[in-house]
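Quick notes on the structure that follows.
The values are calculated or read from the model by the stated rules, or taken from the named source; none is laboratory data. Just so it is clear, the model here is predicted, and its values are computed rather than measured. Here the Cβ positions follow ideal geometry from the backbone for every residue, glycine too, while neighbour counts run over all protein chains shown. Surface areas here come from the heavy atoms of the whole protein model, side chains and all, with no ligands, DNA or RNA. Shrake-Rupley method; radii C 1.70, N 1.55, O 1.52, S 1.80 Å.
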Amino acid sequence: MTRHMKMDNADTRRRLDDMVQGAVGAPLDRPDGPLKVTGAAHYAAEQPTDALCYGVLVRAPAAKGRLLNMSTNAVMALPGVLAIVSDERMLRNPAQGTANEAPVQGVHEIAYFGQPVALVVAETFEQARHAAQALQLHIETTDEAALDPLAVEPEIPEDKQSSMGDLDAAMKNAVYRVDETYTTPSHSSAPMEPHASIAQWEGEQLTLRGSYQMLKYNRNELADSLGIEPKNVRILAPYVGGGFGSKLGIAPEAVAAALAAKKLSRPVSVAMTRPHVFETTMRRSETRQRVRLAADAQGRLTGIGHETLVSNLPGERFAEPVTQATAFMYRGENRIIGQKIARLNRTCAGSVRAPGEAVGVTIVENAMDELAEQAGIDPVELRKRNIPEEDPTRQVPFSSHKLAEALDAGARGFGWEKRNAIPKQVRDGEWMIGMGMASAFRVNMLKEAQARVRLNANGTAEIESDQTDIGTGTYAILTQIACDMLGLAPENVTVRLGDTDLPPGSGSGGSFGAASNGTAVFLACEELRLQLATAAGCAEPDLTLKDGKAIVGNRQVIIAELLPSTALEATGHIEPGDASSKVRQATYGAYFAEVAVSAITGETRVRRMTGAFAAGRILNAKTARSQCLGGMVWGIGMALTEALEFDPRYGQIANHDFAEYHIPVNADVPQIDVILLEEHDDWANPLQAKGLGELGICGAGAAITNAIYNATGVRVRDYPATLDKILPGLET
Amino acid sequence: MKTDLLINGNRRTLDADNRTSLLDALRHHLGLTGAKKGCDHGQCGACTVLINGRRINACLTLACMHDGDEITTIEGLGSAEALSPMQRAFVNHDGFQCGYCTPGQICSATAMLEEIEAGWPSHVTADMTAKPSLDEHEIGERMSGNLCRCAAYPNIVDAIRDAAWRDQE
Ligand code: FES
Ligand code: FES
């Protein structure tokens, strides 16, 4: 039995409010927690496998060129070496999220430093590593590589340029105006689990244990890369050690492992090294952003311009959607949005947590701070004055808009009223203290998803989907939805995820996992409720399910007694519909940060941070808070330390490890307050829940750089705000 | 080369290539995949295990250097059915998201509390002669060798304080 729903209109039934089990929203501990804290959860490279051999990728040490040959014979003679695979089906770079087909393939045309050209397989990892290092590559480098985004003639795609009204005139007539150019560097997702795959064939059937986010697409991408039928591919990813976008699409290690396993008729494990993850998966593009703001005497915006330059490899369709939220953030009838793309021989650019808003909103929020300063208006008040009545670009209503509430709740929780608006006024010994804030915006999405729910004769339930839990809390929230809908305690619900043999979920990406897959589970449970109601002889709305019992009027029976001797099973299927075009759906929030900047070294420490967020119904208060914390900490990294440094001579990433690419460590992170606002967005889905995995980073960095300005009077417009950029400003 | 190891109370004999790191010995040869490989460079702490009670990055040491040593991995601290107080606190405080850094965090935190107990000062200890406190700065400083990209840090600090506090009861 399948229950299908297309989200064409608001669903105002709010069925979850009718449920009495009380699981949804509660701070349930992750059901997968005990396995994870004891080391018993098997990640991709950890599945015990007989006769396993190990492959190590060999990559091009040049940004552009042609691979002519390699020292195959000498390396094959080394101890333990089983195979050297160098095959035109190997991937140049990972597939982009939801590509659903193979990315650019081939080992002969070298397009970036770090492109895989071979896989060396040996009996042991140590032998394979040594042999991979010994493999000599002969690469012809005749053409000059394109390494500098400012030195190439960029593409200007027509569909990425738009305008409304007359921004130039608005700027001329404005009482207050900002016209500044900001830059953000490339970032790396850097999940703690490096990309890894174990490939195993049984005849024509391939099983891949991988670390992937979106299995239904990954299966097709892997099949297409290998030239086989998707039905012959099964991917398993029950636990994924972080993704943040870098594991959206099938990656080179999976295809290389599958090719080698086929050739050797043995299972092959390929784990990327940390430098491989930096150079051979995905990066967030660096951006150059010109922002223009025109405002009247009250600080009300009359115009916004946001023009950006990003980069990617030749042949890649993805371009960092920097201006994605600019369309609806603030009022202003005169607008210019533009994007140029430089084609470079750099590591592939793709999705990194909150593609677009993470860097785009951050920069607009810096410009808003500059406008607030100029107009002498409190930054919180300035934002409130510029909340539009409707989506100013598409002229459709907002499904729900909680920015004002988030600004107020955040300001109150943080103690914003204590801020001195004049920079450089507060000292604590050597430390200059400042406060800053920024708004958060992120588009909200719903994606097609299916899930199967089975109610067993013993009154337990099982949920099945190929959806992944990459740390987001999928195991917890799907459990909670089923608990409420079916009146079960969490220990009686089991969730099976990450297996392409199970119904296809949405995949983890774009913050749509909880809403999409949660809705699929909800729909399956609605169908089961209908069947239970029929068995109980009542209408479904009259059926109350709690603690394993069905209550109808004054009658109470154990749910199991209503069940047939076999299990009752239903599949829920949600598809996005017209709701997304009838209204503008987004999530909102506000960040507040206090920083201390050393007057001696220019070093910035974040002392405290508060975030207030509205993301529809909160499904699990504990995991939701964790998602927000994670996002805000990424904001700290973006503001202060994170930057991929490309060697201008050879194009390699000079800081391709954790010693040189600085993600925040424990001591960099203060205690952070997270305020989750009550919101129910009927347009989003029948759960009224919206995405939360990315909202925490969509402007967080700006709260910190704005606080640095308040502390020091130094505006850093070139991220990150390292001390070398702050110190010169302190001396004057 | 043969190496005798006492792992989680069990005597195990490893016969592996001399180049095998302790981490790869655990993960590839001994079926103990709880210790994670996040970098293989000593830069992330995901591979943290205890050797003779002290925390160490298992990727930075060769297995053959540990003949006769007593090694405790995350599997030796507790099981899903019988969590150690630190493991329980990580679950309760949501001290992880993806869970990949977590075994290293927990091994590290377990040994770190012993270091505090023994009075070892850290970079942020104000008084080198007094017993270090368990405030968030001390914990943050002492746990900064364990990276968490999911950024569960505030919850990790809470979990450790909770476990330490229970310990003292
Ligand atoms: S794997 Fe040992 S420190 Fe990263
Ligand atoms: S929980 Fe994912 S890296 Fe720490």
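Brief remarks follow.
- Restricting region A:229-244 to residues that are open to solvent by less than 40 Å² (accessible area, probe 1.4 Å) and part of a loop (DSSP other than H, G, I, E, B), the residue that is farthest from ligand 1 (Cβ to nearest atom) is A:Ala237.
- Among the residues of region A:256-302, those identified as assigned to a strand (DSSP E or B), farther than 17 Å from A:Asn93 by Cβ and out of contact with any Phe, Trp or Tyr (no Cβ under 9 Å at 6 or more places or on another chain) are A:Arg292, A:Thr302.
- Filtered residue count, region B:13-41, keeping only those that are closer than 15 Å to A:Gln127 by Cα, surrounded by fewer than 20 Cβ atoms within 10 Å (Cβ to Cβ) and within 13 Å of ligand 1 (Cβ to nearest atom): 0
- Any hit, region A:610-630, residues being at the interface with chain B (Cβ under 10 Å from one of its Cβ atoms) and in a strand (DSSP E or B): yes
- Residue in region A:162-180 that is at pLDDT 95 or above, under 25 Å from the mean Cα position of the chain (by Cα) and open to solvent by less than 40 Å² (accessible area, probe 1.4 Å) present: no
This table checks each residue for (1) outside any strand (DSSP E or B); (2) outside the structural domain of A:Glu253 (by TED's automatic domain parsing).
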residue	(1), (2)
A:Ala83	no, no
A:Arg89	yes, no
A:Gly97	yes, no
A:Gly114	yes, no
A:Ala118	no, no
A:Glu126	yes, no
A:Ala132	yes, no
A:His138	no, no
A:Val152	yes, yes
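Yes/no matrix, rows are residues, columns are (1) in contact (Cβ under 8 Å) with a residue 60 or more places away in the chain; (2) within 30 Å of A:Ala40 (Cα to Cα):
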site	(1), (2)
A:Thr142	yes, no
A:His187	yes, no
A:Met192	no, yes
A:Glu221	yes, yes
A:Val240	yes, yes
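- Here the condition is being among the acidic types (Asp, Glu) and within 14 Å of chain B (Cβ to nearest Cβ); of A:Glu158, A:Glu193, it holds for A:Glu193 alone.
- Members of region A:34-45 that are buried (at least 24 other Cβ atoms within 10 Å of the Cβ) and in a helix (DSSP H, G or I): A:Lys36, A:Val37, A:Ala44, A:Ala45
- Within region A:656-702, considering residues that are open to solvent by 40 Å² or more (accessible area, probe 1.4 Å) and acidic (Asp, Glu), the one nearest to A:Ser399 (Cα to Cα): A:Glu678
- Only residues that are open to solvent by 30 Å² or more (accessible area, probe 1.4 Å), more than 8 Å from chain A (Cβ to nearest Cβ) and not acidic (Asp, Glu) were counted in region B:64-84, giving 6.
- Residue check, B:Thr48 surrounded by fewer than 24 Cβ atoms within 10 Å (Cβ to Cβ) and either within 14 Å of ligand 1 (Cβ to nearest atom) or not charged (D, E, K, R) (or both): no
- The condition of being at pLDDT 95 or above, surrounded by fewer than 24 Cβ atoms within 10 Å (Cβ to Cβ) and touching a Cys at 6+ places or on another chain (Cβ under 6 Å) holds for only one of B:Thr3, B:Thr61, that being B:Thr3.
- Region B:22-60 - residue that is out of contact with any Leu (no Cβ under 9 Å at 6 or more places or on another chain) and under 16 Å from B:Leu77 (Cβ atoms) and, of those, farthest from ligand 2 (Cβ to nearest atom): B:Asn52
- Boolean, A:Ala257 is in contact (Cβ under 8 Å) with a residue 40 or more places away in the chain, in the same structural domain as A:Val121 (by TED's automatic domain parsing) and open to solvent by less than 10 Å² (accessible area, probe 1.4 Å): yes
- Evaluation of A:Asp391 against (1) charged (D, E, K, R); (2) surrounded by 23 or more Cβ atoms within 10 Å (Cβ to Cβ); (3) more than 26 Å from A:Glu603 (Cβ to Cβ) (one fails), failing number: (2)
- Hits in region A:536-571 - residues which are free of Cβ contacts under 8 Å to residues at least 40 places away in the same chain, open to solvent by less than 60 Å² (accessible area, probe 1.4 Å) and more than 26 Å from A:Ala689 (Cα to Cα): A:Ala536, A:Cys538, A:Ala539, A:Ile551, A:Val552, A:Val557, A:Leu562
- Which listed residue, of A:Val37, A:Val56, A:Val24, is among the aliphatic types (A, V, I, L, M), out of contact with any Ser or Thr (no Cβ under 7 Å at 6 or more places or on another chain) and within 14 Å of chain B (Cβ to nearest Cβ): A:Val56
- Qualifying residues in region A:440-463 (those that are open to solvent by 10 Å² or more (accessible area, probe 1.4 Å) and farther than 23 Å from A:Gln585 by Cα) - the one nearest to the chain's Cα centre (by Cα): A:Arg452
- Hits in region A:309-334 - residues which are outside any loop (DSSP other than H, G, I, E, B) and open to solvent by less than 10 Å² (accessible area, probe 1.4 Å): A:Val310, A:Ser311, A:Asn312
- For region A:188-208, filtered to residues that are open to solvent by less than 10 Å² (accessible area, probe 1.4 Å) and more than 16 Å from ligand 2 (Cβ to nearest atom), the residue that is farthest from the chain's Cα centre (by Cα) is A:Leu206.
- Restricting A:Ala514, A:Ala520 to residues that are touching a residue at least 60 places away in the same chain (Cβ under 8 Å) and open to solvent by less than 10 Å² (accessible area, probe 1.4 Å) narrows the list to A:Ala520.
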